[in-house]
Amino acid sequence: MVRAKSIPAKSAVFHGLAVLTALTFVFEILFVFLQAPIEARMGIVQKIFYFHVPSAYAMYIGASACFFGSAIYLARPTDTSDALARAGAEAAVVFGVIVLTTGPLWGAKAWGAFWTWDPRLTTELLSVLIYVAYLVLRAFAGDGAGERRFAAALGVLGAANLPIIHYSVQKWGGQHPTVITGRGGGLAHPDMKVALAMGFVAFTLLAIILLWSRTRLEVVQSRLRRAEEDAIDLGLDSRTEE
Amino acid sequence: MSDPTPASPSVNDRATTFQAVEGAQPEHYSGEVLLISAYAAVFVILIAWVALTWRKAGAMDERLSALEREIDKAANTDLASKQEPRDRDGHK
């Protein structure tokens, strides 16, 4: 095992990003509710779109982080790459759950049903379940080198579903809208485009700061666990003298 | 003697026609309620994740403090053993 170099501590950059993220979210909410027009056919419920789509995009960011962390860990095992993979899987689950919560609420109005086994919905659910399996594995299977390698393999294989989610709506049809893809008609009003763009910026910044803080926490936890094991080996830890 | 009637509905009992609603079609779900629910869900999920991360960091802080106490205790014991008086031959 190659020990990790410490990743950058929370710095002025981190705090600056956190403030910028908060300001972007405030602007996004105000813009969506006060400025963006109501959609002609679906009505006000279409405004879920401005958080639903950026959440799906943030899930891709988390899943990509899990993929790259896992691939790097398989090539050269470090605490940092393992921590990045774990943080990425957590982010993928959190943003995926947001997608799977907001989507059905929108669908209830647009389709008259909270859920259909549409190709995109089904592949999205499958992807979230893969990352839930990753986290369950990490939580209950121990933290040895073998378990980490097994989880890394899952992290790499789990990413295979991401392009399937993206292209499922084009290849297999279904009910899911394709407004912002190449085949879609796009957003008709300029304020709709601004609201969506700000949503992407807000969720990208949020994904970055959450991945940063969670990765750092996981690295510190690994180092702490190793220090505790060293302390027990040296007979320093009285908690073992029972 | 009356005709026997089946206890459970048969295939012939199923609906064979659909009738149109008279007047305006009633709305099943309120768009406003769904929109507010969706935005509330987003923030509840995000805040829950941040809170769990915060709690994890707090637990790590406690473990680190415990480890530091053990190290301090061991260092003090080591220091005390070195400061014990020795006789002329250097034995404790």
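Quick one: what does P(r) look like for the stretch A:120-181 with 10 Å bins over all Cα pairs, in whole %?
21, 39, 23, 13, 3
State the percent of C-alpha pairs, over all pairs in the stretch A:148-235, separated by a distance greater than 19 angstrom. It would help to have the intermediate numbers written out before the result.
Details: 2651 of 3828 pairs.
Percentage above 19 Å: 69.
For the residue pair residue B:29 and residue A:41, what label-to-label distance in nm results when each label sits 7 Å from Cα along the Cα-to-beta-carbon direction?
It works out to 1.7 nm between the two label points.
With n ≥ 4 as the cut-off for DSSP H runs, can you work out [θ] at 222 nm for chain A, using -39500 (n - 2.57) per run divided by the number of residues, rounded to the nearest 500? Provide the component values of the computation, followed by the final result.
Working: 7 runs with 173 residues, N = 242.
-25500 deg cm²/dmol, from helical runs alone.
What are the radius of gyration and Dmax of chain A, computed over its Cα atoms and given in Å?
20.9, 71
Once the convex hull of the C-alpha atoms of the stretch A:1-129 is built, how many Å³ does it hold per residue, rounded to a whole number?
So the per-residue Cα hull volume is 108 Å³.
How much FRET efficiency would the formula 1/(1 + (r/R0)^6) give for residue A:150 and residue A:178, where r is the Cβ-Cβ distance and R0 is 25 Å, rounded to 0.05? Write down the numbers at each step before the final one.
Working: r = 37 Å, r/R0 = 1.47.
Computed FRET efficiency for residue A:150 and residue A:178 comes out at 0.10.
Select from A:130, A:48, A:72 the residue whose mean-square fluctuation is largest in a Gaussian network model of chain A (Cα-Cα springs shorter than 10 Å).
A:48
Helix check for chain A. Which DSSP H runs span at least 20 Å along their own axis by Cα, with a mean Kyte-Doolittle hydropathy no less than 1.0? Write out the running numbers ahead of the final one.
On the way: long enough: A:12-34 (33 Å, 2.23); A:49-75 (39 Å, 1.12); A:79-110 (46 Å, 0.75); A:119-140 (31 Å, 1.25); A:190-233 (65 Å, 0.46).
Counting only whole DSSP H runs, the qualifying helices are A:12-34, A:49-75, A:119-140.
Too long at a 31 Å Cα-Cα cut-off: which of A:171/A:193; A:109/B:56; A:47/A:171; A:109/A:193?
Details: A:171/A:193 26 Å; A:109/B:56 38 Å; A:47/A:171 26 Å; A:109/A:193 22 Å.
Distance filter (> 31 Å) returns A:109/B:56.
We did not get these values from a lab; they are worked out from the coordinates using the rules stated. On a predicted model such as this, the values are computed, not experimentally measured, just so you know. Heads up, the Cβs are rebuilt from the backbone with ideal geometry, glycines too, and the neighbour counts pull from every protein chain shown.
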